[in-house]
Every structure is written in C-alpha cells, then in structure tokens.
Amino acid sequence: MIIAIASGKGGTGKTLVSTNLFQVSLDDRVDVVLVDCDAEEPNDAVFLPGEPKGMQTVTQQMPVIDKAVCTYCGRCHDWCSYNAIFFLREPRRIDVLEDLCHDCGACLAACKVGAITEKTVPIGTLSMRYINKRPALIEGRTLVGTASPVKIIKQAISEAGKHDLVILDAPPGISCPFIATVEPADYVVLVTEPTPFGLNDLALSIETLEQMGKPHGVVVNRAGLGDEALYRWLVDKGVLQLADIPFDRAIASVYAEGKLVVKVLPAYKPVFQTLLDRIRAQAHPSTIA
Ligand code: SF4
Ligand code: SF4
C-alpha cells in the first residue's frame, strides 16, 4: 500500500504526520519505508537517526542544438509541449531553455536533420537511511538551480520498491511535484489546519484529487486553533476527517527539537496508531470487519 501525506500549503504538519506515522508503523512491525518527496527542502531525515548511505546522482538528458546543422524549420519548437525551445525564424534564433525542459525527447524525434543531440546533466541526489539494517528512509534532494524536482521525486518513489507500506511525504502545493507524488498513491492524507488559509488550500487540493480520482481523507492539525469553518466545510463536502491533532505547545516544542512526538509524548501515540488503522481501512475497504 502506498499512501501520500500531502497539504495544499507548507507548514501545516505534513512532516509531523509522515514521520510519526512511519514510527508507529515500525513499532507495529510493519514492513514500512518513508520517502521524502519534498525534494526542494527535504527534512524527514532530521527526525530519523543514522547517516545517509548509497548516495546516487539523479540526472536528466538535455537537448543540445547544433546551429550549424539546424535548418530553422521550427519542428522541434512546435513539438515541445513545455515551451522549452526558444525559436525565431527571422532573424534566425534557436535555443534550449534548460529550466523548462522536461526531458521528454520529443524535439529529438522531431528533428529530421540530426541537429539535436543530448547531454547528461545532474539535477539532484537520492540517499537511503537504514534502521536495524533495513531501508527506512529514501530522501530525494534537488541540486541548487534545478528548476523541477519531478524526475527526482519519481526516481525516489521507484527506489522504494515494494513494501507492505510506503509512506510518501509530498511537497506542498498542487503543482507538478505534488501530482508526481500522489499519482502512484493508493490513498492520500491531506493535512490542514482550521484557519481560512488552511481551508482555502485544502479546497484546492481536494479539487485536484477529485479530478485525479484519488481516494483521500483529512487530518486536522493544530485543532482548537482558528474557527469551525473548516469542520463545517468538511461535513458539507462529505470529506472524511481521519484525525484531529490538538494545538499543543508540547507538540510544537518536540517537533522544533527534531524529535518524534510518539516517542517523547507517548500520550499522543494512540492518535497516530488510530490514524494508521483508519488509513488502512480506507485504502482497503474490503478488509474492514
Ligand atoms: S526534451 Fe522535451 S521538454 Fe526538453 S526541449 Fe525537447 S521537447 Fe522540450
Ligand atoms: S527541428 Fe532540427 S532543424 Fe528544425 S529547428 Fe529544430 S533543431 Fe533546427
């Protein structure tokens, strides 16, 4: 089972939920791996001990245009869905806009005179952390200056391989990195907070997941803060509320110290255990007793 922990905006508690769910799964002797897909600012490793091992470089193929061979027909520009080829017929100008290139290869196929070749460029890294000699955390990290982390995210998820449970800590927002993370998930947990900002961004995330046909539920973090509008909206929309995590200064302190709430504040362990049980029941409805 693959579950993605996501949120419409940053700072809602996605990492808090991901890392503590991982720990209760581990305590439950589940074969679990956590993948930090927030490749532009990964931080799950702060909460898990151990040195990273097996660092890999993630690369992408970048087209290179030989202007001496190019006939300036414009086919590569027309075929590129990402506007990554700057083209002017008169005066003759052509260039690859590397920040926009998605490594799809369409321009290579489009060019009939062989003016386009490819170079390999590094865009990020993958590292693995182990607990008790078993893979526990895979971290994707973009190199500074890399425009899109999507390929790094996809490679990190693929590196996780098959386990009873794979937890994906998604990047915030609803753009391509979010889509790349939730796409392979069997179930998506959206973490929000009961504030107008939280509700606004949750609504956008749910709209996106509905278009993708992804089953989902909501965890309300910092419950007790803000107002009741979020709860009313969830009821009106018929969205399942999976758990409430209270607005508690003790949780914030433990998190700020880079520690796991389920280890330091055992009174909160049942909250995450119940959340895990509810996610399992939702992702595999046929197993509900
Ligand atoms: S590889 Fe794809 S995205 Fe990149 S320039 Fe060529 S067509 Fe555009
Ligand atoms: S398809 Fe080839 S020949 Fe035509 S503009 Fe692109 S690089 Fe030049």
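Annotations for the structure displayed:
- In the elastic network of the chain, a GNM with C-alpha springs shorter than 10 Å, the most mobile of ALA185, ALA156, ALA115 is ALA115.
- Descending semi-axes in whole angstrom, ellipsoid equivalent of the range 211-251, from the Cα gyration tensor: 22, 13, 7
- When Rg and the Kirkwood Rh are both derived from Cα coordinates, the Rg/Rh ratio for the range 175-261 amounts to 1.00.
- Unpaired cysteine residues in the chain (no second Cys Cβ under 4.7 Å): CYS37, CYS70, CYS73, CYS80, CYS101, CYS104, CYS111, CYS176.
- All other residues whose Cβ lies under 11 angstrom from that of LYS214 are scored, Lys and Arg at +1 and Asp and Glu at -1, for a net of -3.
- Within a Gaussian network of the chain (alpha carbon springs, distance under 10 Å), most fluctuating of ASP36, ASP277, ASP244: ASP277
- Across all C-alpha atoms in the range 1-149, the radius of gyration and Dmax reach 20.9, 66 Å.
- Each other residue within a Cβ distance under 11 Å of ILE174 adds +1 if Lys or Arg and -1 if Asp or Glu, for a net charge of -1.
- Net +/- balance of residues flanking ALA185 in space, Cβ distance below 12 Å, scoring K and R +1, D and E -1: -2
- In plain terms, the residue of SER205, SER25 with the fewest other Cβ atoms within 10 Å comes first and the most crowded comes last, giving SER25, SER205.
- Across the range 121-279, Cα-Cα distances exceeding 26 Å account for 37% of all pairs.
- Spread of Cα-to-Cα distances over 10 Å intervals beginning at zero, given as percent, for the chain: 6, 26, 29, 19, 11, 6, 1, 0
- Counting every other Cβ atom within 10 Å of each residue's Cβ, ILE179, ILE153 order from fewest to most as ILE179, ILE153.
- Under 5 Å from the amide H of LEU97 lie the amide H atoms of ILE85, PHE86, each residue being 5 or more positions distant or on a separate chain, with H modelled from the backbone and absent for Pro and chain starts.
- Listed residue pairs exceeding 25 Å between alpha carbons, taken from LYS112/LYS151; LYS9/LYS154; LYS119/LYS214; LYS154/LYS237; LYS119/LYS151; LYS14/LYS154: LYS112/LYS151; LYS119/LYS214; LYS154/LYS237
- Once the Cα gyration tensor of the range 60-121 is diagonalised, semi-axes √(5λ) in Å: 17, 12, 11
- Loop trypsin sites (Lys or Arg not before Pro), the range 59-111, which have at most 12 other Cβ atoms in a 10 Å radius of their Cβ (DSSP): LYS67, ARG89, ARG92
- Within the listed set GLY54, GLY13, GLY217, the residue fluctuating most in the Gaussian network model of the chain (springs between alpha-carbon atoms under 10 angstrom) is GLY54.
- Considering only the chain, percent of DSSP beta bridges that pair antiparallel, nearest 5: 45
Since every read-out is calculated from the coordinates, none of them should be taken as a lab result. Every value quoted in this text rests on a predicted model; they were computed, and no experiment measured them. Note: ideal-geometry Cβ built from the backbone for every residue, glycine included; neighbour counts use all protein chains shown.
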